[in-house]
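The values are calculated or read from the model by the stated rules, or taken from the named source; none is laboratory data. Keep in mind it's a predicted model, so treat the numbers as computed, not measured. Cβ atoms come from the backbone with ideal geometry, glycine included; neighbour counts cover every protein chain shown. Surface areas here come from the heavy atoms of the whole protein model, side chains and all, with no ligands, DNA or RNA. Shrake-Rupley method; radii C 1.70, N 1.55, O 1.52, S 1.80 Å.
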Amino acid sequence: MKITGYRSEVYLMKMDRAVGDANLPEGVDLLPGSILYLETDENITGISLGFGGGAVKMLFPAIEGADPREAAGLWIRMNDWLHKTGNRGEGNAALSAIDIALWDLKAKIAGQPVWRLLGAREGRVKAYASGLDYCLSDEELFAFYRRMAEQGIDSGKLKVGLDLKVDLRRLGLMREALSIASARPRLMIDSN
Amino acid sequence: MKITGVATRSFPSAAGFIVALQSDEGISGVGVSARAPHGNLERFVDEVLVGEDPRAVTGLWQQMLSAFARGVSGSLQSDVLAVLDVALWDLKAKSHDEPLWKTLGGSRPRVKTHAGACPSAASDAELARWYGTFVRDYGITGAKLRASQDRDADLRRIEMLQRLLEAHTAQPVLMMDADERWSPKESVGRMRELEERFDLTWVEAPAARWDFLGHKRVSDGIRSAVCAGGRLDTLGGFLPHLHHHALDVVQIDTGRVGITAALQVADAAYGFELPVALCASPGNLDAHLAAVLPYCMSMEILDPVPVEGTFTTDVRIEEGWAVAGDRPGNGLASAA
């Protein structure tokens, strides 16, 4: 099996609400996104979501024609390929997008979910809610974390960083909202 | 897919045994150990692995470590976990009908090799024969000398080794193995004396295995690299060495840590921007592992061809490189 080509779709997504943090407190409702399809000569396609739009074109020659099962070896090759231009920013985003698509291909070839391929005993991990919530009102904040708690999620990460009194109040709201999932919800803060 | 049991077979004249982890799909995972078989191995497999999906290598490594720490199945050598982990990875690769290097995700299954030290104390003539075989028959361009009590003998033998290797390369790779017999200060003294005349790539085990401060003192005091880690059993043993910048080359023995933990140690070394080296492995199966290590300097070779009647391997040595084949799994098979 060989990698034969790729298709990259780049989007600007309109969200159903604004997302914000200490850097962008008023929030934005337009976010960049992309989908990468890695094509093979056997009608199996690897998919990844992310921000790997631009630099994939520059990086693709490093993997064209290769066996997608060699994901680790190809990572080394792509990392070396990026050495001069640097593997941060767009280069890193493209490398990550391709890497995820390669592991998707590897797992599809094996007929398994990625978690089994990676050697896990079970395919689940503890989750926490992340509101990207700086621009939400107190009521909207509470509603978000309460909705999450209704699904059993007992941990949350609050955006903070500009006003200590406000942050403390909103931490209390998040805790209250999560309290239906656990008597001791886990609280995290992110000051970006 | 489920593990159903295990069978072991001791090697007739050579030390060691072969392990076959059996599954309900008719395929077995093979591992080889250089130690004497351990009485509680079957019981351990029964209590910890039977009924589990063998493809869950990472999860099962955690499970085995946990059980080992709790003393499940009575006394057990930790290297039993390593050989079981190797067998699990063999099963995983076989279940994909792929050679292990492909399952791990590697692109090029080849790694530079160096000759290990002669297993027993030997005369100059015996050493010349030992290293000469590696050079002549396998094109090996690097070799390791184990230090002796006699400083002059070591100087003489390093020179002999250099001459032997120069038959095939303009840049022979010479290593010393202190074998944990020198104190850090002794290591500095002995190595500096050798460094006056020779260019040594590394010294192995120049302090007690846990003595990360000693390793750092040696590294700071000599020109050559300090290579150690081959006597450590777990990732945790390596961490103080990494935190204290005590090693220049991180050495991994899959006979002690298996493949899952070897990958973890290699990731940690990569994070600290250090190269790794591999200790000798049965059938040189580590050539499969080397394919996914971003910076593996060299792999030690003791037996280019396993002893007759023990097992076969699909790793061959060509012009100083170990090259893994395409047989599904790790390439080891019983030769009984």
| If the Cβ limit is 9 Å and pairs must be 6+ apart or interchain, which residue in segment B:251-272 that is among the basic types (Lys, Arg) pairs with which residue that is surrounded by fewer than 24 Cβ atoms within 10 Å (Cβ to Cβ)? | B:ARG256/B:SER78; B:ARG256/B:ASP79; B:ARG256/B:GLY230; B:ARG256/B:ARG231; B:ARG256/B:LEU232; B:ARG256/B:ASP233; B:ARG256/B:THR234; B:ARG256/B:CYS279
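Residue by residue through segment B:35-48, note down the ones that are away from chain A (no Cβ under 14 Å) and either under 15 Å from B:SER73 (Cβ atoms) or in contact with a His (Cβ under 7 Å, 6 or more places away or on another chain) (or both).
Keep residues of segment B:35-48 that are away from chain A (no Cβ under 14 Å), which gives B:35-47.
Once the filter is applied, which keeps residues that are away from chain A (no Cβ under 14 Å) and either under 15 Å from B:SER73 (Cβ atoms) or in contact with a His (Cβ under 7 Å, 6 or more places away or on another chain) (or both), segment B:35-48 yields B:PRO37, B:HIS38, B:GLY39, B:ASN40, B:LEU41, B:GLU42, B:ARG43, B:PHE44, B:VAL45, B:ASP46, B:GLU47.
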| remark: Note: among A:GLY33, A:GLY86, just one is away from chain B (no Cβ under 14 Å), open to solvent by less than 20 Å² (accessible area, probe 1.4 Å), farther than 30 Å from B:GLU98 by Cα and not charged (D, E, K, R), namely A:GLY33
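For residues that are modelled with pLDDT of 95 or more and either out of contact with any His (no Cβ under 8 Å at 6 or more places or on another chain) or surrounded by fewer than 20 Cβ atoms within 10 Å (Cβ to Cβ) (or both), scanning just segment B:166-180, find the one that is farthest from B:VAL111 (Cα to Cα). Reasoning before the result, please.
Of all residues in segment B:166-180, those modelled with pLDDT of 95 or more come to B:172-180.
Subset that is either out of contact with any His (no Cβ under 8 Å at 6 or more places or on another chain) or surrounded by fewer than 20 Cβ atoms within 10 Å (Cβ to Cβ) (or both): B:172, B:174, B:176-180.
Details: B:PRO172: 16, B:LEU174: 17, B:MET176: 20, B:ASP177: 21, B:ALA178: 24, B:ASP179: 24, B:GLU180: 26 Å.
That would be B:GLU180.
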| Restricting segment B:214-255 to residues that are in contact with a Cys (Cβ under 8 Å, 6 or more places away or on another chain) and assigned to a helix (DSSP H, G or I), the residue that is most open to solvent (accessible area, probe 1.4 Å) | B:GLY255
| message | For the structure I just gave you, tell me whether B:GLY51 is within 14 Å of another protein chain (Cβ to nearest Cβ), open to solvent by 10 Å² or more (accessible area, probe 1.4 Å), part of a loop (DSSP other than H, G, I, E, B) and not charged (D, E, K, R). | response | yes
| Hey, any hits in segment B:119-138 for a residue that's open to solvent by 20 Å² or more (accessible area, probe 1.4 Å) and within 14 Å of chain A (Cβ to nearest Cβ)? | no
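Filter segment A:119-144 for residues that are in contact with a Ser or Thr (Cβ under 9 Å, 6 or more places away or on another chain) and without any contact (Cβ under 8 Å) to a residue 12 or more places away in the chain; which is farthest from A:ARG77 (Cα to Cα)? Steps first, please.
Taking segment A:119-144 first, the residues in contact with a Ser or Thr (Cβ under 9 Å, 6 or more places away or on another chain) are A:119-121, A:126-129.
So of that shortlist, the ones also without any contact (Cβ under 8 Å) to a residue 12 or more places away in the chain come out as A:119-121.
Working: A:GLY119: 24, A:ALA120: 26, A:ARG121: 30 Å.
Selected residue: A:ARG121.
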| query | What are the residues in segment A:71-100 that are at pLDDT 85 or above, more than 20 Å from the chain's Cα centre (by Cα) and of a type in the set (D, E, K, R), if any? | reply | A:ARG77, A:ASP80
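Of all the helices (runs of 4 or more DSSP H) wholly in segment A:84-192, which have at least 2 residues that are out of contact with any helix residue (DSSP H, G or I) (no Cβ under 9 Å at 6 or more places or on another chain)?
By residue number, A:89-110, A:138-150, A:164-178.
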